[in-house]
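The values are calculated or read from the model by the stated rules, or taken from the named source; none is laboratory data. Computed from a prediction, not measured in an experiment: that's the story for all the values here. So basically every Cβ, Gly included, is an ideal-geometry build from the backbone, and we count neighbours across all protein chains shown.
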Amino acid sequence: MPDHLSKPGRSRVMAAIRSKNTKPELMLRQALRTSGATGYRIHLASLPGKPDIAYTRWRLAIFVDGVFWHGHPDHFKPELASEYWRDKIARNQERDRSNDAALTAAGWTVLRIWDMQVKDDLAGVTRTVSDALRALGRPDLRQ
């Protein structure tokens, strides 16, 4: 049996979940391009956590977090989950906090956006990113 199926609670479906270039990430990147907020790098391995979107000149790191995988309180209920999933989500959350702290210590601004926010309010999320870029000194964005 392949290793990824031998873990409790794992299935082929769960193993096939993308960790990058998810639909919400692609939606946000397209909206950012349309709004004129170009010039970002994606999944920059030299940064803690490999942000989904990174504006290196303005030191803005953006993560689009899945509500289940990162433990959104409305979508992940630890009391209903097995020990395996409680531990896994707790490790993900701890890693998120550690990466945020490392980026902040290095002078980066970090935005964490839930994937459902992108799906539900793409214009609002795009505006949040544009506002952050303007606050960091990038003036050339469309209103």
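Annotations for the structure displayed:
- Residue match in the range 107-123 (condition: out of contact with any Asp or Glu (no Cβ under 9 Å at 6 or more places or on another chain), buried (at least 18 other Cβ atoms within 10 Å of the Cβ), under 21 Å from P24 (Cβ atoms) and small (G, A, S)): no
- Test result for A61, among the small types (G, A, S), in contact with a strand residue (DSSP E or B) (Cβ under 8 Å, 6 or more places away or on another chain) and surrounded by 18 or more Cβ atoms within 10 Å (Cβ to Cβ): yes
- Some residue of the range 82-92 being within 27 Å of A123 (Cα to Cα), over 12 Å from the mean Cα position of the chain (by Cα) and either modelled with pLDDT under 95 or not in a helix (DSSP H, G or I) (or both): no
- Cβ-Cβ under 9 Å pairs, at least 6 apart or on other chains, the range 75-104 side polar (S, T, N, Q), far side surrounded by 15 or more Cβ atoms within 10 Å (Cβ to Cβ) and at pLDDT below 95: N92/W69; N92/H70; N92/G71; Q93/H70; Q93/G71
Residue-by-condition table, conditions (1) assigned to a loop (DSSP other than H, G, I, E, B); (2) among the aromatic types (F, W, Y); (3) over 17 Å from S19 (Cβ atoms); (4) in contact (Cβ under 8 Å) with a residue 24 or more places away in the chain:
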site	(1), (2), (3), (4)
Q30	no, no, yes, no
A37	yes, no, yes, yes
S46	yes, no, yes, no
G49	yes, no, no, yes
A61	no, no, no, yes
G71	yes, no, no, no
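- Within the range 73-102, the residues that satisfy the criterion of being of a type in the set (A, V, I, L, M, F, W, C), within 20 Å of S19 (Cα to Cα) and surrounded by 13 or more Cβ atoms within 10 Å (Cβ to Cβ) are F76, W85, I89.
- Residues that are acidic (D, E) and at pLDDT 95 or above, drawn from the range 115-142: D115, D120, D121, D131
- Any hit, the range 135-143, residues being among the polar types (S, T, N, Q) and buried (at least 16 other Cβ atoms within 10 Å of the Cβ): no
- For the condition among the basic types (K, R), under 20 Å from A135 (Cβ atoms), at pLDDT 95 or above and assigned to a strand (DSSP E or B), R112 qualifies.
- Hey, R95 under 15 Å from the mean Cα position of the chain (by Cα) and not in a helix (DSSP H, G or I) or not: no
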